[in-house]
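Q: Quick one: the structure is below, questions incoming.
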Amino acid sequence: MFRSPLLQLCAVVLLLAACSSPLKSINAYKIDIQQGNVLTQEMVAQLKPGQTREQVRFILGTPLLADVFHQDRWDYAYSYRDGRTGETYTRYFSVFFDQNNRLAKVSGDVEVAGLEDLSAPKANTRLIDFGSLPTDGTAPPMPPPEGEGFIKGMLKSIGL
């Protein structure tokens, strides 16, 4: 096959160079990875002492960790790994209940709203108008009812 040792050496060097690490300017695409419960400040601001477990679950979602040995505590954890930089951001939030299964206290990276935020109601609804019919009787006519479908027409044509 290869007759000279110089050609054999060049072939070995080329094969080893193909196995080396890629250039620094060529990077593989790495995705951003999100895991856990995403908690926003608005979600935590809705928590009030005395809420039931169902109310807390409705606001924050299902906890990531509900420990069997600590049934009065729910833990919400979140981690985000940036694909480009490789940095990982983590947040932890814990909710504690009393003996009556009511919200007693919270702790973690997300801040709870102050008393002025809790006392002022906040409207989270908005009105969306999908269009209304005119009241003077000039409404456009209703579309005609749809005819029979393809399969029903075929069954009717063969007498079934």
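Q: Output the residues belonging to segment 80-107 that are within 23 Å of residue 35 (Cα to Cα), surrounded by 12 or more Cβ atoms within 10 Å (Cβ to Cβ) and not small (Gly, Ala, Ser).
A: Matches in segment 80-107: 80, 81, 82, 90, 91, 92, 93, 95, 96, 106.
Q: Let me ask another. Among the candidates 109, 82, 98, single out the residue that is modelled with pLDDT under 85, under 40 Å from the mean Cα position of the chain (by Cα) and among the charged types (D, E, K, R).
A: Selected residue: 109, the only one of 109, 82, 98 that is modelled with pLDDT under 85, under 40 Å from the mean Cα position of the chain (by Cα) and among the charged types (D, E, K, R).
Q: What is the residue count in segment 35-59 for residues that are closer than 13 Å to residue 96 by Cα and in contact (Cβ under 8 Å) with a residue 12 or more places away in the chain?
A: So the first thing to find is which residues in segment 35-59 are closer than 13 Å to residue 96 by Cα, and the list is 47-53, 56-57.
Within this subset, residues satisfying the condition of being in contact (Cβ under 8 Å) with a residue 12 or more places away in the chain are 47-53, 56.
Residues in segment 35-59 being closer than 13 Å to residue 96 by Cα and in contact (Cβ under 8 Å) with a residue 12 or more places away in the chain: 8 in total.
Q: Follow-up. Which pairs have Cβ atoms under 7 Å, sit 6 or more apart or on different chains, and link a residue in segment 7-31 that is under 30 Å from residue 81 (Cα atoms) to one that is of a type in the set (Asp, Glu) and at pLDDT below 65?
A: Every condition considered, no pair remains.
Q: Report yes if some residue within segment 61-79 is under 26 Å from the mean Cα position of the chain (by Cα), assigned to a strand (DSSP E or B), surrounded by 11 or more Cβ atoms within 10 Å (Cβ to Cβ) and modelled with pLDDT under 85; otherwise report no.
A: yes
Q: List every residue pair whose Cβ atoms lie under 8 Å apart, where the two residues are 6 or more positions apart in sequence or sit on different chains, the first residue falls within segment 63-88 and is in contact (Cβ under 8 Å) with a residue 12 or more places away in the chain and more than 22 Å from residue 99 (Cβ to Cβ), and the second residue, located anywhere, is in a strand (DSSP E or B) and of a type in the set (D, E, K, R).
A: Within 8 Å, the pairs are 64/75; 77/91; 78/91; 79/91.
The values are calculated or read from the model by the stated rules, or taken from the named source; none is laboratory data. Quantities reported herein were computed from a predicted structural model and do not represent experimental measurements. Every residue, glycine as well, gets a Cβ built from its backbone with ideal geometry; the counts of neighbours run over all protein chains shown.
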